[in-house]
1. Does the stretch 2-53 classify as rounded, prolate or oblate by the C-alpha gyration tensor (a ≥ b ≥ c root eigenvalues; a/c under 1.5 gives rounded; else a/b over b/c gives prolate, otherwise oblate)?
2. Can you give the relative contact order of the stretch 3-112 as a percent, counting alpha carbon pairs under 8 Å and 6+ residues apart?
3. Is any residue of the stretch 77-110 close enough, with backbone N under 16 Å, to a label point placed 7 angstrom from the Cα of residue 42 along the Cα-Cβ axis, and if so, which?
4. Hey, fewest Cβ within 10 Å first, where do 72, 98 land in order?
5. Rg and Dmax in Å for the stretch 3-112, alpha carbons only: what are they?
């Protein structure tokens, strides 16, 4: 697998959109990030997981998954070694991160960020009575 596969699979998930975070491609649902390609040059994709999910992934496939170094990794952020992953593993991992983000979005009760279209100026003026 490679960055193009990561992108293709991430964008195949319902409601997923590509954005940019600090100059790197990210993948969002409901305006919130669930995965990035911030470590693409090192051969990794990044997944936003819980610590429990991260532990299970790393224990199951340590040659494919590893915690991101530092504080991010201690919060569940996880590298996936793209060259070591197959399509099923990558798709399952991305689906897990996507589903977690959907659940968090629902629990927060916040509506997704949608950029409103600009209203015509005439609609913004108050009518005199």
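1. rounded
2. It rounds to 26 percent for the stretch 3-112.
3. Answer for this model: 77-84.
4. 72, 98
5. Spelled out, the Cα radius of gyration and Dmax of the stretch 3-112 are 12.8, 38 Å.
Throughout, read-outs are computed from the coordinates displayed, never taken from laboratory work. All values derive from a computational prediction rather than experimental measurement. Positions of Cβ are generated from backbone atoms using ideal geometry, with glycine treated the same way; all protein chains shown enter the neighbour counts.
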